[in-house]
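Presented below is the structure to which this report refers.
The values are calculated or read from the model by the stated rules, or taken from the named source; none is laboratory data. All of these numbers come straight from a predicted model, not from anything done at the bench. Cβ atoms come from the backbone with ideal geometry, glycine included; neighbour counts cover every protein chain shown. For the accessible areas, the whole protein counts, side chains as well, though only heavy atoms, and no ligand, DNA or RNA atoms are used. Shrake-Rupley method; radii C 1.70, N 1.55, O 1.52, S 1.80 Å.
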Amino acid sequence: MAQSQSLQPQEKKELVSKDETTVPVRYFVPTTDIFETEDALTVVMEVPGVSRDALDINLESDVLKIEAKIDPSKYEGMEPLYTEYNVGHFTRSFTLSNKIDRQQISAKLEDGILTLTLTKAKEAMPRKISVG
């Protein structure tokens, strides 16, 4: 007998940092899914309220770091009666293996969804070996 599954809203995970900041801004870990195909990894992140020019994606020492900042002025003066959604920036880092082609990483932002395509290095792609 199949069990029915109900969809539950996922809590936003606040990033806890040991660093001291001079600006009182909250950072959250964006909800992320990773898919693999024969030739690439696709990373899909939810970054609602972030514009293209507020995205910072860097690769340094095999670490891919994504920082997405919201415009806090959009929320100034708002005094909601009830909230389930906390406002803040997003940040996430991934350590890449040598199976990813560093020169073939692309990003696309559409409707609050950031999609990163990490193409696999030729050496990491499956290949057919012929028998002679």
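Assorted remarks:
- Looking across region 32-66, just one residue is crowded, with 16+ Cβ neighbours inside 10 Å, among the β-branched types (Val, Ile, Thr) and not in a strand (DSSP E or B), and that is Val47.
- Annotation: of all residues in region 95-116 being part of a strand (DSSP E or B) and of a type in the set (A, V, I, L, M, F, W, C), the one that is farthest from the chain's Cα centre (by Cα) is Ile100.
- Filter result for Gly132 (on the phi > 0 side of the Ramachandran plot and modelled with pLDDT under 90): no
- Single unsatisfied condition, Lys69 versus (1) without any contact (Cβ under 8 Å) to a residue 24 or more places away in the chain; (2) touching a strand residue (DSSP E or B) at 6+ places or on another chain (Cβ under 6 Å); (3) within 30 Å of Glu123 (Cα to Cα): (3)
- Filtering region 95-107 to residues that are in contact with a helix residue (DSSP H, G or I) (Cβ under 9 Å, 6 or more places away or on another chain) and open to solvent by less than 70 Å² (accessible area, probe 1.4 Å) leaves Ser97, Ile100, Asp101.
- Within region 117-130, the set of residues being in a loop (DSSP other than H, G, I, E, B) and open to solvent by 40 Å² or more (accessible area, probe 1.4 Å) comprises Met125, Pro126, Arg127, Lys128, Ile129, Ser130.
- Taking residues in region 34-57 that are closer than 16 Å to Ser106 by Cβ, and partners anywhere that are assigned to a loop (DSSP other than H, G, I, E, B) and open to solvent by 40 Å² or more (accessible area, probe 1.4 Å), the pairs with Cβ atoms closer than 8 Å and at least 6 places apart or on different chains are Asp39/Met125; Met45/Thr31.
- Flag for Val25 being out of contact with any helix residue (DSSP H, G or I) (no Cβ under 9 Å at 6 or more places or on another chain), of a type in the set (Val, Ile, Thr) and either loosely packed, with under 13 Cβ neighbours inside 10 Å or at pLDDT 90 or above (or both): no
- Tally, over region 67-94, of residues that are open to solvent by 50 Å² or more (accessible area, probe 1.4 Å) and either farther than 22 Å from Ala54 by Cα or assigned to a loop (DSSP other than H, G, I, E, B) (or both): 13
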